[in-house]
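**Q** Here it is: the structure, laid out below.
The values are calculated or read from the model by the stated rules, or taken from the named source; none is laboratory data. In this text the structure is predicted, and so the values were computed from the model without any measurement. Here the Cβ is made from the backbone with ideal geometry for all residues, glycine too, and neighbour counts use every protein chain on show. SASA here: full protein model, heavy atoms, side chains in, ligands and nucleic acids out. Shrake-Rupley method; radii C 1.70, N 1.55, O 1.52, S 1.80 Å.
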Amino acid sequence: MKTLLRILLYLALIVWLGAEIFFPIVAAITFGTLQPDTHTAGTIVGQLIRILHGMGLVSGMVALAVMALAPAWGVYKPRAMLAPMILVVVMLACTVYSQFGIIPAMDRDRTAAGGAIDATDGSNAITAHFNKLHSRSEYVEETVLLLGLATVVLVARAETTRS
């Protein structure tokens with residue numbers, strides 16, 4: 001059972017972080033391939049980030065559940081799991097904020113701009129707000145990735161202090 005819990009924890013973290021690492025590569029290739037049509041590229045990347053967030057929410061909940069159960073089943077010491085659990089909760093909060101706060105606001109701006117945000121003037125208030133949200137979205141995803149890497153380090157450290 002201990003091995004199964006560790007496998008579930010590692011798999012959840014691998015799926016989430018792997019997707020976080022791979023997403024910018026896919027986005028860059030999408031925009032590079034569809035260079036003249038940034039609206040279509042943005043639509044594709046928007047759908048992909050929703051999938052990324054879904055994967056992150058499921059993976060985060062699995063990781064959090066395993067981290068909560070692991071000390072009770074003698075897999076890790078309780079204190080060793082406290083910091084990783086806090087980081088995963090913050091990662092989940094960032095993902096929820098992006099999925100249900102930032103992305104819907106970007107969609108509203110895109111709709112208000114007539115569908116294609118890049119077709120509007122760069123000094124337009126709607127375009128400026130969209131760009132601000134896009135920058136915030138990138139920052140949030142980078143934060144999730146960095147917190148995820150820190151979580152992996154802390155879980156690896158917990159491996160060395162297992163009871």
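**Q** Can you compute 3J(HN,Hα) from phi for each residue in segment 51-68, using the Karplus curve 6.51 cos²θ - 1.76 cosθ + 1.60 with θ = phi - 60°, rounded to whole Hz and x for Gly and Pro?
**A** Rounded to whole hertz, the list is 5, 4, 5, x, 4, x, 5, 5, 4, x, 5, 5, 4, 5, 4, 5, 5, 6.
**Q** Starting from the 7 Å offset along Cα-to-Cβ, what nm value, one decimal, do you get for the label separation of residue 73 and residue 149?
**A** Those two pseudo-labels are separated by 3.0 nm.
**Q** Roughly what angle does helix 125-160 make with the longest principal axis of the chain, taking Cα atoms, 0 to 90 degrees, to the nearest 10?
**A** 10 degrees
**Q** How big is D, in µm² s⁻¹, for the chain by Stokes-Einstein at 10 °C and 1.306 mPa s if Rh is the Kirkwood radius over C-alpha pairs?
**A** Value of D from the Cα-based Kirkwood radius: 93 µm²/s.
**Q** Computed FRET efficiency, Cβ-Cβ of residue 8 and residue 139, R0 25 Å: what is it to the nearest 0.05?
**A** 0.25
**Q** Shifting gears a bit: With all protein chains present, how much of the accessible area of the chain (probe radius 1.4 Å) comes from carbon and sulfur, to the nearest whole percent?
**A** Its accessible area is 71 percent carbon and sulfur atoms.
**Q** Still on this structure: What FRET efficiency would be calculated for the residue pair residue 22, residue 124, taking the C-beta separation as r and a Förster radius of 25 Å, to the nearest 0.05?
**A** 0.15
**Q** Taking the chain as the reference, fit the longest principal axis to its C-alpha atoms, fit the long axis of helix 78-97 to the helix C-alpha atoms, and give the angle between the two in degrees, 0 to 90, nearest 10.
**A** That works out to roughly 20 degrees.
**Q** In nm, to one decimal, how far is the residue 29 label point from the residue 89 one, both placed 7 Å along Cα→Cβ?
**A** So the label points at residue 29 and residue 89 sit 3.8 nm apart.
**Q** From Cα coordinates alone, what are the radius of gyration and Dmax values for segment 88-163 in angstrom?
**A** 17.7, 61
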